[in-house]
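Step one of this worksheet: look at the structure below.
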Amino acid sequence: MEGTPVISPRFLLILVAIFCVSAPSALAQKKGRNKLPKTDPSQCPYCHGDEAIMKAAGIVSHGGFGVGRKTTEEVNQQLGTAEIYWIETEHFELGMALGRMKVRQENKKKIREECAKLGEHLENVPDKPKIVDQWLLAHLYAQRLEEIYDDMLTLLDVDDSVFPPPGTVWNMQGEYWGQGPYFGQKGKLEVLLLPSESLHVNWLSKNFGLKTKKTQRWHVIDTGSLHLSVHTDQGSLKVDPALHGHLVFNISIMLTHSFKHYSYDMPVWLLEGIGHYMERRLNPKYNTFDSGEGGVAEMTKKKNWEPAVKKLVAADKAPGLGVLARMTTFAELDLDRHFVSWSLIDYMERAHPGFLQKLIYRTSNLRNEQNIPDGSKLMEEHRAVFKDELKMSYQSFDRAWKEWVLENYASK
């Protein structure tokens, strides 16, 4: 019968010594990891800051890029109370400072589908999350932003490859597609999502000299980027579908302005109509409305706009295309003009496929005698597109649109 192994006192002493040295070392390493901020890329439970995983998921970086006229580190310092999760994708630079999100019943199916898509490349993405943590929310919104970009490429029927590569200097010869790879802009689109009005005001006032308390789109000319700052203390934006739609609305407008480079302002009605059209395709329940500055979260809670447009047309109170085309500021928009701007895009897409693309192509492509982008004859070109492509004046277009509305829109 084998005896019980005997451990010598000397060997036991060595084991104790090893434990006493090794245990504090492991504990120190754990404490070192815990000292890292929650926003450090290595703390992400889905990509771990791992370059291979990030690349597969379309993530370029988790910070270290420019935002406005600052770096991500400088933004962190300025907005010290905000925990900002930075994500750079192929076309966007996103700073997400929102808290954890509870998944509501109305949003459950959508979130699960989006998580399944994220899970194709990221690790540990839950199949049926009840709570979306900040890192997952950041990845989720980065994915959504790229989907908006793809949807706008489809709307304009253009391939991303037509835009010039980084560092291109246009020699004013040949077809003009802008000054950079991001829908014609040199810089990526920047999006900053903030949890409070105070942080939003702090950011805009100190960086752009703006006093607005509402969502703000801004062209950072010296970097060639279009910047969007949003806070969720407005309207229904604490509700995820509303915030998602709000981004669709604003990014769609920014990309329309970016198309072939933002060298001059595009027609207000066209920008607003496209914003409404794209947002309402996602979800008609929540709607964004531009006014004097940025995007207001709510002007009406109506989900179905068809009856409102049909009522305006039947009463002969709908503003015509000529009236809308003369608007030069978003402050000139009232609710009726919002409704009609949306409906005109809806009509073009359904009754005249391909015309909207031609309208945007031609009005985005104006140049002067020196072949430099110049929007001084924008209104003349805008009118000419209707005449050349549809053989219609503004008046004949209005009549055709009204007849279509009365025939195709529901009354209730």
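Miscellaneous remarks
- Counting 0.36 nm for each residue step from Lys213 to Lys301 and taking away their Cα separation leaves a gain of 29.6 nm.
- Once the Cα-Cα distance is subtracted from the 0.36 nm per residue extended length, the Lys38 to Ile372 segment shows a gain of 115.5 nm.
- With neighbour counts taken as other beta-carbon atoms within 10 Å, the residues Cys44, Cys115 rank, fewest first, as Cys115, Cys44.
- Rounded to 10°, Cα long-axis angle of helix 394-408 versus longest principal axis of the chain: 60
- Here's the list of aspartates and glutamates a cross-link from Lys238 could span, going by alpha-carbon distance under 20 Å and ignoring same-chain residues fewer than 8 apart: Glu83, Glu106, Glu114, Asp133, Glu197, Glu279, Asp290, Glu298.
- Rg to Rh quotient for the stretch 312-375, alpha carbon positions, Kirkwood Rh: 1.06
- Neighbour-count order for Ile345, Ile251, Ile372, fewest beta carbons within 10 angstrom listed first: Ile372, Ile345, Ile251
- Database remark: amide H of Val132 closer than 5 angstrom to the amide H of Met101, Lys102, Val103 (H placed geometrically; neighbours at sequence offset of 5 or more, or on other chains; Pro and chain starts carry no H).
- For the stretch 216-276 versus the stretch 341-393, the inter-centroid distance based on Cα atoms is 20 Å.
- The C-alpha atoms of the chain occupy a region whose extents along the principal axes are 106, 54, 45 Å, arranged from largest to smallest.
- Sites Glu197 and Arg399, calculated FRET efficiency, Cβ-Cβ separation with R0 60 Å, nearest 0.05: 0.85
- Farthest toward positive dipole pole in the chain [+1 Lys/Arg, -1 Asp/Glu at C-beta], among Gln134, Gly63, Trp269: Gln134
- Cα gyration tensor shape for the stretch 250-340, rounded if a/c is under 1.5, else prolate or oblate: oblate
- Gyration tensor verdict on the stretch 93-141 (Cα atoms; rounded if a/c is under 1.5, prolate if a/b is larger than b/c, oblate otherwise): oblate
- Contact order relative to length of the stretch 40-262, as percent, for alpha carbon pairs under 8 angstrom and 6 or more apart: 20
- Hull-based mean projected area of the stretch 265-412, where the convex hull spans the alpha carbons, in square nanometres: 8.9
- Cα shape, the stretch 214-277, gyration tensor, a/c 1.5 rule: oblate
- Cα Rg, Dmax (largest Cα-Cα span) when computed across the stretch 180-231, Å: 11.5, 34
- A crude spin-label estimate for the pair Lys412 and Asp334, with each label 7 Å from Cα along the Cβ direction, gives 2.8 nm.
- Phi angles of the stretch 75-84 translate, via the Karplus equation with coefficients 6.51, -1.76, 1.60 and θ = phi - 60°, into HN-Hα couplings of 5, 4, 5, 5, 9, x, 7, 9, 8, 9 Hz per residue; Gly and Pro are given as x.
- 12 Å beta-carbon shell around Thr223, net charge (K/R +1, D/E -1): +1
- Considered as an equivalent ellipsoid built on the Cα gyration tensor, the stretch 171-292 has semi-axes of 26, 19, 11 Å, the largest given first.
- Positive-end residue of Pro353, Asn365, Gly375, charge dipole of the stretch 265-412 with Cβ unit charges: Pro353
- Diffusion coefficient (Stokes-Einstein, Kirkwood radius over C-alpha pairs, 10 °C, 1.306 mPa s) for the stretch 371-412: 129 µm²/s, rounded to a whole number.
- Paired Rg and Dmax values of the stretch 40-262, which use every Cα atom, in angstrom: 17.2, 55
- Each part reduced to its alpha carbon centroid, the stretch 108-165 and the stretch 182-203 end up 18 Å apart.
Where a number appears in this text, it was derived from the coordinates with a stated rule and is not lab data. Every value quoted in this text rests on a predicted model; they were computed, and no experiment measured them. Here Cβ is always computed from backbone atoms with ideal geometry, including for glycine, and neighbour counts include all displayed protein chains.
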